[in-house]
Amino acid sequence: MIIIGTAGHIDHGKTTLVSRLTGVETDRLKEEKERGISIELGFAYLDVPGGHRVGLIDVPGHERFVRQMIAGAVGVDLVILVIAADEGVMPQTHEHLDICRLLGVQHGMIALTKADLVDAEWLALVQEDLVDFVEGTFLEGAPCVPVSVVDEGLLDSFKERFHEFLSEKFPEPPSRDTTRPFKLSVDRAFTMRGFGSVVTGTAASGSLSVGEEVVLLPGSERSRVRGIQVHSVDVPSVEAGSRAAINLQGIEKSSIERGQVITRPGELEPTSMFDATAAILKNLPRSLETRFKALVHVGTEQLLGTVVLLDRTLAEPGDEVLVQVRLERPTVVSPGDCFVLRGFEVLDNYGKTLGGGRILDPHPVKHRTGEVPVVEGLTAMRDDAQLLEAILRLRGERGMNWSELRRCVARSMGALRDDLGRGVSEGWARAWKGDEGMWLHEDAYVSIRERALQSVDAYHTENRALPGIPREQLRGSTGWEIDPRFFAVILDDLTGSGEVVLEGDLVKRPGFEARLSAQQKELCDRLQSLYRGAGLQPPLLAECEERLSLSAEEVQEGVDILVRSGGLVRTKGGLCFAQDALVDLRERLVTHLKANGEITTLQFKELTNASRKFTIPLGEHFDSIRLTVRVGDNTRRLR
C-alpha cells in the first residue's frame with residue numbers, strides 16, 4: 001500500500017481537499033466540526049487507476065498541533081503540500097516542509113488550493129514564488145497544480161494530474177521488508193462496542209497475523225490479535241507499509257497511549273537513548289550547544305530529551321552532526337527511524353523545529369563529546385556497506401546476539417545472515433553458535449584473548465606456589481561482560497594453539513610448575529599436619545592462627561596453596577578438610593550405602609563422629625561431587 005500525507009498551513013484546505021478526493025470526512029470530533037479546524041489526524045483511502053488502493057492521512061495545520069502532524073507524517077511515501085493560492089507560503093508551510101524533509105519524505109506534489117479566488121496573473125506569481133521556496137528540497141521540480149473544491153473543472157484536472165504523478169512515482173506499491181520485527185506505532189486508540197479495544201497506526205516493519213500474541217511497549221501489557229482491518233476491510237494479516245486497525249483482546253483502552261508500539265514479545269526492546277545523525281535547520285537564528293534540551297518526536301511519540309553532540313561542542317545552523325539523544329523515559333525505536341527535534345519557543349518566523357535526522361544505533365551505551373572511536377564508528381555506520389562491522393566494533397567485548405542484531409541492524413533476516421557470514425569469512429567478525437548465536441568484532445576478540453594471556457602470566461608471577469589460575473577467576477579478570485559460553489570458545493582457542501594448558505578447573509602456561517619457597521613449604525607442612533590431626537572436625541582459620549601463631553594472611557596463603565594442590569578440600573561455607581580424611585570417609589560411606597541402600601542424616605552423623613556443624617557440609621560435599629543424591633529431607637543414596 002502507498003501512504004500519502006497532507007501538509008500545510010491552517011485553513012489552506014487540506015481536509016476539504018481530502019474529502020473531495022476520497023468522499024470521506026476526516027474531521028470526526030465535535031470540536032473539529034464546531035471550530036472548523038483539524039485537531040487530530042484524519043484517515044481515508046482512495047482507489048486509483050491501476051487497481052491500487054492508497055491511504056491518505058490528513059494532518060492538522062495549526063502550530064499547536066504539530067505533534068499530531070509529525071505523528072501523521074511518519075512513514076508516508078508521498079506528501080501533498082497544500083498552499084492556498086490567495087495567501088501563499090505561510091509559517092506552518094515552512095515548518096511542515098522542514099518536518100517532511102527531516103522525516104525522510106522523498107516524493108511529493110503541491111496542491112495550490114482556492115485557485116478560484118485569484119486571477120491568472122496572481123496565480124502565476126504565486127507559482128513563480130513557489131519555485132524558489134521548494135528549491136533544494138524533495139519538492140524541487142514537483143508538480144504544482146491549481147485546484148478548487150468548488151470548481152469541478154479544476155478539481156478534475158487536479159485528480160488527473162495526481163493520478164499521473166502517483167503512477168510515475170509508484171508504478172507498483174513500494175516493496176517492504178516483512179522479515180524484520182513487526183512494529184506499529186499507535187496513533188489512535190478507541191473502543192468498539194462488542195469488540196473491545198482497537199488501535200490504529202502504520203506498520204513500519206514486519207508482518208502480523210490474526211491470532212498472534214503481541215505486547216505494548218513501553219510496558220508489559222500483553223494481548224492477542226482478535227482482528228485486523230485495512231481501510232475497513234477485514235484481512236488475515238498486515239504487512240509493513242499498510243495502515244491498519246488492530247482489535248486487541250483483553251486490554252482496556254485506558255492502558256493504551258499514543259506513542260506506544262505494538263510488536264511480538266521479545267522482538268523489540270525499549271531504549272532510553274539512541275545515537276543518530278542529525279541535520280540542524282539552516283534558518284535557525286542561533287547555534288546549539290551540546291546537551292541542549294528539545295522535544296523529541298519519534299514514531300508517534302513526543303518526549304523530552306537531552307541532545308549530546310558527539311563530534312563537536314557547538315552546532316551551527318545548517319550543520320550535519322552526530323548526536324546521542326537521551327530521553328526522559330524509554331520508548332521503542334529502530335535503526336533507520338527518522339526523528340524531529342523541536343524547541344520550546346519560536347526561534348524564527350517559521351516555528352519551533354530545530355532539526356532532526358535518522359537513528360543509527362537504537363541501543364548504545366553512554367558516550368561523551370569528542371570520543372574519536374565513537375565518532376569514527378558512527379560515521380562508518382552511515383555507509384550501509386560498513387554498518388554491520390561498525391556496530392560490532394562499537395559494541396566491543398559485549399558482542400551481540402541474534403536478537404540484538406535484528407533490533408539494531410536494518411537488514412532482512414536473510415541479508416543479515418549473509419552479512420554475518422561474510423564478516424566471518426573476511427575475518428572481521430567472530431561467531432559463536434550458542435542458543436541463538438553471538439558475534440564479536442575481531443578486534444574485541446583479539447583484545448580479550450591477549451588480556452586472558454596477560455592475566456595468566458600475572459597470576460603465575462604473583463602466585464608461584466599455585467599451579468594455575470581458576471577458570472572463572474580468569475574470566476573475571478578478562479571481563480565479566482563476557483558470556484561464559486563464549487569464554488569457553490576463547491579457552492578452546494588458547495588451548496588449541498598451545499598457549500595455555502587446562503588442567504581441571506585451572507589454567508596455566510605450558511611448562512609452568514608451582515614452586516614453594518622454603519617458608520611456604522614449612523607453612524603448608526604445619527597446616528597440613530594440623531588438619532590431618534583434626535580429621536573430620538577441622539579447625540577454623542582463626543583457630544589455625546592461634547594454635548600455630550600465624551597471621552591471618554599467612555594462614556589464608558597456606559590454605560589456598562593446599563586447596564589448589566589437593567592437600568585440602570574446601571566445602572560449602574568455607575570449611576576445609578584434609579584430603580586423607582575425606583578419602584577415608586568416602587570409602588566408609590560407599591560401603592554403608594552398598595550394604596543398606598541409603599543413609600539417614602543421623603546415621604551419617606554417627607559415621608563421621610562429628611558435630612552437625614561439620615556433618616551438613618560433608619553431606620553436601622558428596623552431593624556436589626555427584627557421589628550421592630539426596631532423597632527427601634533426611635536420606636541419601638548413591639547417585
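Straight-line reach from residue 572: which lysines have Cα under 28 Å away, leaving out those fewer than 8 places along the same chain?
Within the straight-line limit of under 28 Å, residue 572 reaches these lysines: 508, 521, 594, 605, 613.
Are any of the pairs 14/169; 293/352; 183/352 more than 18 Å apart by Cα-Cα distance, and if so, which?
Numbers: 14/169 22 Å; 293/352 13 Å; 183/352 29 Å.
Too far apart for the 18 Å limit: 14/169; 183/352.
Once you list every other residue whose beta carbon is under 11 Å from the beta carbon of residue 465, what net charge do they have if Lys and Arg are +1 and Asp and Glu are -1? Mind showing how you got there, number by number?
Working: positive: 464, 515, 521, 564; negative: 462, 513, 557, 560.
That sum, taken over residues with Cβ under 11 Å, equals 0.
All other residues with a Cβ under 15 Å from the Cβ of residue 111 taken together, and with Lys, Arg as +1 and Asp, Glu as -1, what is their net charge?
On the way: positive: 14, 20, 114, 159, 161; negative: 11, 58, 86, 87, 116, 151, 156, 160, 164.
Counting the neighbours of residue 111, the net charge comes to -4.
Could you give the angle, 0 to 90 degrees to the nearest 10, between helix 442-462's Cα long axis and the longest principal axis of the Cα atoms of the chain?
For helix 442-462, the angle is close to 20 degrees.
For the stretch 113-177, what does the alpha-carbon gyration tensor say about shape, rounded, prolate or oblate, given a ≥ b ≥ c as the root eigenvalues, a/c under 1.5 as rounded, and a/b over b/c as prolate? List each step's numbers first, then the result.
Numbers: a/c = 3.45, a/b = 1.41, b/c = 2.44.
Note, shape of the stretch 113-177 comes out oblate.
What fraction of the DSSP beta bridges in the stretch 2-169 is antiparallel, stated in percent and rounded to the nearest 5? Provide the component values of the computation, followed by the final result.
Details: 7 of 24 bridges.
Counting only bridges with both partners in the stretch 2-169, antiparallel ones make up about 30 percent.
Is the shape of the stretch 464-596 rounded, prolate or oblate, going by the alpha carbon gyration tensor and its root eigenvalues a ≥ b ≥ c, with a/c under 1.5 for rounded and a/b larger than b/c for prolate? The partial results should precede the final answer.
Values: a/c = 2.14, a/b = 1.39, b/c = 1.53.
Oblate is the answer for the stretch 464-596, as a/c is 1.5 or above yet b/c matches or exceeds a/b.
5 Å is the cut-off here: which amide hydrogens, built 1.01 Å from N in the peptide plane, fall below it relative to residue 224, excluding neighbours closer than 5 in sequence?
Those lying under 5 Å, H to H, from residue 224 are 214, 249.
Work out from phi, with θ = phi - 60° and the Karplus expression 6.51 cos²θ - 1.76 cosθ + 1.60, the ³J(HN,Hα) of each residue of the stretch 524-538, listed in order in whole Hz, and give x for Gly and Pro.
Per-residue couplings from phi come out as 5, 4, 5, 5, 4, 5, 5, 5, 4, x, 7, x, 8, 10, x Hz.
Classify the stretch 231-375 from the C-alpha gyration tensor, please: rounded if a/c falls under 1.5, else prolate or oblate depending on whether a/b exceeds b/c.
Numbers: a/c = 2.37, a/b = 1.76, b/c = 1.35.
It comes out prolate by the Cα gyration axes.
Arrange 286, 393 by Cβ neighbour counts within 10 Å, fewest through most, would you?
On the way: 286 9, 393 21.
In increasing order of surrounding Cβ atoms, one gets 286, 393.
Quick one: what are the phi-derived ³J(HN,Hα) couplings along the stretch 575-588, Karplus 6.51/-1.76/1.60 with θ = phi - 60°, whole Hz, x for glycine and proline?
6, 10, 10, 5, 4, 4, 5, 5, 4, 5, 5, 4, 4, 5
Report the Cα centroid-to-centroid distance between the stretch 240-302 and the stretch 114-175 in angstrom, as an integer.
The two parts, judged by their Cα centres, are 32 Å apart.
In which sequence would 307, 374, 235 go, from the one with the fewest C-beta neighbours within 10 Å to the one with the most? Walk me through the intermediate numbers first.
Working: 307 24, 374 21, 235 15.
In increasing order of surrounding Cβ atoms, one gets 235, 374, 307.
Using the per-residue mean of other Cβ atoms lying within 10 Å as a proxy for protection, in what order, highest first, do the peptides 246-252, 291-297 fall?
Numbers: 246-252: 17.7, 291-297: 19.6.
Highest to lowest by the protection proxy: 291-297, 246-252.
Every number in this text was worked out from the coordinates using simple rules, so none of it is lab data. Computed from a predicted model, the values in this text were never measured in an experiment. No Cβ is skipped: glycine too gets one built from the backbone with ideal geometry, and neighbour counts run over all protein chains shown.
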